[in-house]
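Below is one structure, written out as C-alpha cells; the observations come after it.
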Amino acid sequence: MSIPTENKQTENIGKANKRKYFLESVSSKLFMICALLSVITLVLIIGFVFYKGSHPFVVGGYSFIDFLFGTDWVPSEDKFGIFPMIIASIYATIGALIIGVPIGLFTAIFLAEIASTRVAKIISPAIQLLAGIPSVLYGVFGLAIIVPFLQNTFGLAKGQSLIAVILVLAIMMLPTIVTVAETAIRAVPQSYREGSLALGVSHIGTIFRVIVPAAKSGIMTAVVLGLGRAIGETMAVILVAGNSLIVPTSLTDSIRPLTTNIALEMGYAAGTHQEMLFATGIVLFSFILILNFVLAKISAKGGN
Amino acid sequence: MRDFKDNLLRGLLWLSAFLSVAVLLMIVGFIFYKGMGLISFEFIFGDYSPEGGGGIWPMIVTTVYTIVISLIIATPIGILAAVYLHEYAKQGRLVRIIRFATESLTGIPSIIYGLFGAVFFVTTLKLGMSIIAASLTLTIIVLPVIIRTTEESLKTVPASYREGSLALGNTKLQTLYKVILPSAMPGILSGIILSIGRIVGESAAIFLTAGTVAAMPESIFSSARTLTVHSYLVTQEAGDIELAAAVGIVLIVIILAINFSATYISKKLNKATNK
C-alpha cells in the first residue's frame with residue numbers, strides 16, 4: 001500500500017521540480033534577452049545612421065571630402081558642404097570648456113574645501129537641482145538676457161553669435177561639472193590633507209598640489225560629462241546661434257553648429273538632403289568618439 | 001610671494017563660486033520673474049488656443065503620456081537587464097559587450113536618437129510623427145539610466161541575503177523576487193525617478209519624433225508637443241519669452257517635485273529595510 005503513494009509523491013515532487021527548473025531556465029533566458037536589447041538598439045542606431053548617412057557617398061557619387069570641406073550648404077542646388085558647421089561646433093565646444101571648466105572646478109573646490117558645512121549644504125543641492133533643469137530654458141534665458149546684452153554692449157547688429165552660444169553652453173555645463181567634481185574632491189582621503197598640512201604646506205597649496213591631483217580622474221569625468229552635454233545640445237543652441245552658414249572668424253559671428261543643422265532641416269528634408277543630415281549625424285558622432293578618446297588618453301597620462 | 005599667490009587663488013575660488021551661484025540664481029529668477037504673470041488656473045488647465053491666451057493643458061497631457069509609455073516599456077526591461085548582468089550572467093565577454101553598449105548609449109547626444117527615431121519608428125515602423133514614436137525613442141534614452149541605477153542598488157544587497165534564501169531551498173527566481181528585488185527597491189525607484197527627469201527635460205529627440213502639433217492628442221498615435229518643445233517653439237517662432245518662461249515655471253516645479261519625491265521615497269524605504 002505504501003509503495004504506490006510514495007511513488008506518487010516522488011512523481012509529484014518530480015513534476016513540481018520540473019516546472020521549477022523550466023521556470024528558472026525560461027526566466028534566465030528572458031533576462032538575457034532584456035540585457036541584449038541595449039546591444040541590439042546600439043547596433044540598430046549606429047547601423048541606421050551610418051547606412052543612411054553613407055548612402056549618398058557610396059551610391060550617389062557624392063564626394064565625402066567635398067562634404068567635409070565644402071563651404072556651401074544649399075540643398076536646393078545640391079550643394080552639401082558642412083565645413084562651416086564643423087568649425088562652429090569645435091569653436092563653440094572649446095570656448096564653453098575654456099569658460100565652464102575653470103569656473104566649475106573652482107566652484108567645486110570652494111564648496112568641498114573652503115565653504116563652511118552649512119553653506120555647502122545649501123548650495124550643493126541647489127546646484128544639483130539646476131543640473132536637472134531642461135536645457136531649452138537655458139536657451140530661453142540666453143535669448144532674452146545674453147543676446148540683448150551682447151547686442152547693446154558691443155553694438156552688434158545681431159546678438160545671436162558664437163560668443164552667445166559659448167556662454168549658454170558654459171552655464172549649462174556648470175551644474176554637471178560642479179556636482180561631479182565636488183564628489184570627487186570630497187572622496188580624497190582626509191589623511192592626504194593632514195599629511196600635507198603637517199608638512200607646512202598652506203591650505204591653498206594643499207588644495208592645488210595635493211587634493212586636486214588626487215581627485216584628477218573624477219575631475220576628468222566631470223569634464224567629459226559637461227562636454228557631452230555641450231556638444232550634443234541642440235534646441236538651446238538654435239535659439240542663440242543665429243544660424244548663419246559661414247565659417248566663423250570672430251566671436252561675434254553668427255553660427256550654425258552640426259546639431260542645429262540636423263534639427264532645423266530634418267522636418268522637411270527628403271531624399272539626398274535627408275541622407276546628408278544623417279551624414280552630419282555621423283560627423284557629430286565621430287566627433288564625440290574622438291573627444292572622449294582624447295580625454296581618456298589625457299587622463300590616463302595624467303594618472304601616470 | 002607665496003602669500004600673494006595663495007591670496008590670489010583664494011580670491012579666484014571665491015569669485016568662481018560667487019559667479020556660478022549668481023548666474024544659476026539669475027536663470028531661475030529670470031524664469032520666475034518673466035513667467036509668473038501668466039501663471040493661473042486657466043493657463044495650466046485650459047485648452048490651447050492658436051490665437052494666444054489659451055492654456056498649456058494639451059502639452060502637460062502629452063508630457064505625461066510620454067513619461068508613462070516610455071517608463072512602462074523601459075522599467076521592466078531595464079530592471080531585468082540589470083538582474084541578468086548582476087545576478088545571472090557569467091562575468092565574461094558577453095557581459096563586457098553589454099556593459100560597453102549600455103555605456104555607449106549614455107554618451108550619444110539626443111539629436112542622434114532623434115534622427116534614429118525619425119527613421120526607424122516614424123518611417124520604417126510607420127508610426128508617423130506621434131507620441132508613441134517619441135516614447136519609444138525616449139525608452140532607448142532612459143534604458144541605460146535604469147540599468148545602471150538598478151545594477152548599483154543590486155550591488156548593495158548583501159551576499160548573505162542571497163545565500164540565506166538559497167540555503168532555505170528557494171530557487172534563484174524566488175530569491176530574486178522575494179529577497180533581492182525588495183531590498184534593492186529604493187535604488188531602483190530613484191533610478192526610475194531620475195528617468196522621469198530626463199524625459200521631462202528632453203527636447204531635440206521629441207521634436208524630431210513627435211512633431212509639433214499644438215492640440216490635445218486624440219490618441220498615442222497622434223502628433224503632439226511636450227512642454228519643452230512648446231517652450232522652444234514659442235520662443236523660436238513667436239519670440240514670446242513670457243510664455244516660454246511660464247512653461248518653464250511649470251517644468252521647474254515638476255523637476256523639483258520629482259527630486260523631492262525621489263529623496264523622500266529613498267529615505268522612507270531605506271528606513272523600512274533597515275528595521
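The values are calculated or read from the model by the stated rules, or taken from the named source; none is laboratory data. Computed from a predicted model, the values in this text were never measured in an experiment. Because the Cβ atoms are built from the backbone with ideal geometry, glycine has one as well, and the counts that use them run over all protein chains shown.
Considering each of A:ILE238, A:ILE262, A:ILE207 in turn, give the residue that is at pLDDT 90 or above, assigned to a helix (DSSP H, G or I), assigned by TED's automatic domain parsing to the domain that holds A:LEU143 and under 30 Å from B:GLY11 (Cα atoms).
A:ILE207
Output the residues belonging to segment A:77-102 that are in a helix (DSSP H, G or I), over 27 Å from B:PHE120 (Cβ atoms) and away from chain B (no Cβ under 14 Å).
Let us first name the residues in segment A:77-102 that are in a helix (DSSP H, G or I), namely A:77, A:83-102.
Then drop every residue that is not over 27 Å from B:PHE120 (Cβ atoms), which leaves A:77, A:83-84, A:87-88, A:90-102.
Passing the criteria: A:GLU77, A:PHE83, A:PRO84, A:ILE87, A:ALA88, A:ILE90, A:TYR91, A:ILE94, A:GLY95, A:LEU97.
Grab the helices (runs of 4 or more DSSP H) fully contained in segment B:148-203, keeping just those with 3 or more residues being out of contact with any Pro (no Cβ under 6 Å at 6 or more places or on another chain), under 30 Å from B:LEU256 (Cα atoms) and assigned by TED's automatic domain parsing to the domain that holds B:GLY78. Give the derivation first.
Details: elements: B:159-167, B:172-175, B:181-201.
The helices (runs of 4 or more DSSP H) meeting that bar are B:181-201.
Just to be sure before I move on: is B:LEU125 free of Cβ contacts under 8 Å to residues at least 60 places away in the same chain, within 12 Å of another protein chain (Cβ to nearest Cβ), surrounded by fewer than 24 Cβ atoms within 10 Å (Cβ to Cβ) and more than 22 Å from A:GLY228 (Cβ to Cβ) in the structure I sent? Write out each step before concluding.
Working: free of Cβ contacts under 8 Å to residues at least 60 places away in the same chain: yes; within 12 Å of another protein chain (Cβ to nearest Cβ): yes; surrounded by fewer than 24 Cβ atoms within 10 Å (Cβ to Cβ): yes; more than 22 Å from A:GLY228 (Cβ to Cβ): yes.
Considered against the rule, which asks whether it is free of Cβ contacts under 8 Å to residues at least 60 places away in the same chain, within 12 Å of another protein chain (Cβ to nearest Cβ), surrounded by fewer than 24 Cβ atoms within 10 Å (Cβ to Cβ) and more than 22 Å from A:GLY228 (Cβ to Cβ), B:LEU125 comes out as yes.
Just to check your reading of the model, which residue among B:GLY37, B:GLY55 is more than 16 Å from the chain's Cα centre (by Cα) and outside any helix (DSSP H, G or I)? Steps first, answer last, please.
Working: B:GLY37 fails: outside any helix (DSSP H, G or I).
On inspection, the qualifying residue turns out to be B:GLY55.
Does any residue in segment A:141-168 that is surrounded by 23 or more Cβ atoms within 10 Å (Cβ to Cβ) come within less than 7 Å, Cβ to Cβ, of a residue that is in a helix (DSSP H, G or I) and among the aromatic types (Phe, Trp, Tyr) six or more places away or on a different chain, and which pairs are these?
From residues that are surrounded by 23 or more Cβ atoms within 10 Å (Cβ to Cβ), the pairs are A:PHE141/B:PHE30; A:LEU162/A:TYR91; A:VAL168/A:TYR138.
Between a residue in segment B:76-93 that is facing chain A (nearest Cβ under 8 Å) and surrounded by fewer than 23 Cβ atoms within 10 Å (Cβ to Cβ) and any residue that is part of a helix (DSSP H, G or I) and β-branched (Val, Ile, Thr), which pairs come within a Cβ distance under 6 Å, given they are 6 or more apart or on different chains?
Every condition considered, the pairs that remain are B:ALA89/B:VAL95.
Does A:LEU44 satisfy being among the aliphatic types (A, V, I, L, M), over 34 Å from the mean Cα position of the chain (by Cα) and surrounded by 12 or more Cβ atoms within 10 Å (Cβ to Cβ)?
Details: among the aliphatic types (A, V, I, L, M): yes; over 34 Å from the mean Cα position of the chain (by Cα): no; surrounded by 12 or more Cβ atoms within 10 Å (Cβ to Cβ): yes.
No.
Evaluate the following for B:ILE98: is it in the same structural domain as B:ILE192 (by TED's automatic domain parsing) and either in contact with a Phe, Trp or Tyr (Cβ under 9 Å, 6 or more places away or on another chain) or at pLDDT below 90 (or both)? So that I can check it myself, show each step before the final result.
Working: in the same structural domain as B:ILE192 (by TED's automatic domain parsing): yes; either in contact with a Phe, Trp or Tyr (Cβ under 9 Å, 6 or more places away or on another chain) or at pLDDT below 90 (or both): yes.
Here the answer is yes, as B:ILE98 does meet what is asked.
So B:ILE255 passes all but one of these: (1) free of Cβ contacts under 8 Å to residues at least 60 places away in the same chain; (2) over 24 Å from B:ALA133 (Cβ atoms); (3) more than 8 Å from every other protein chain (Cβ to nearest Cβ). Which condition number does it fail?
B:ILE255 satisfies all of (1) free of Cβ contacts under 8 Å to residues at least 60 places away in the same chain; (2) over 24 Å from B:ALA133 (Cβ atoms); (3) more than 8 Å from every other protein chain (Cβ to nearest Cβ) except (3).
Report, by residue number, each residue of segment A:165-204 that is part of a helix (DSSP H, G or I), over 13 Å from A:LEU111 (Cβ atoms) and polar (S, T, N, Q).
Pass one, segment A:165-204, residues part of a helix (DSSP H, G or I): A:165-186, A:190-198, A:203-204.
Restricting the remaining residues to those that are over 13 Å from A:LEU111 (Cβ atoms) gives A:165-173, A:176, A:190-198, A:203-204.
A:THR176, A:GLN190, A:SER191, A:SER196 - these are the residues of segment A:165-204 that are part of a helix (DSSP H, G or I), over 13 Å from A:LEU111 (Cβ atoms) and polar (S, T, N, Q).
Residues of segment A:75-92 being surrounded by fewer than 22 Cβ atoms within 10 Å (Cβ to Cβ), touching a Leu at 6+ places or on another chain (Cβ under 7 Å) and of a type in the set (Ser, Thr, Tyr), which ones?
Scanning segment A:75-92 gives a single hit, A:TYR91.
Against the conditions (1) touching a Ser or Thr at 6+ places or on another chain (Cβ under 7 Å); (2) not in a helix (DSSP H, G or I), where does B:GLN91 fall short? Just the number, please.
Only one criterion in (1) touching a Ser or Thr at 6+ places or on another chain (Cβ under 7 Å); (2) not in a helix (DSSP H, G or I) is unmet by B:GLN91, namely (1).
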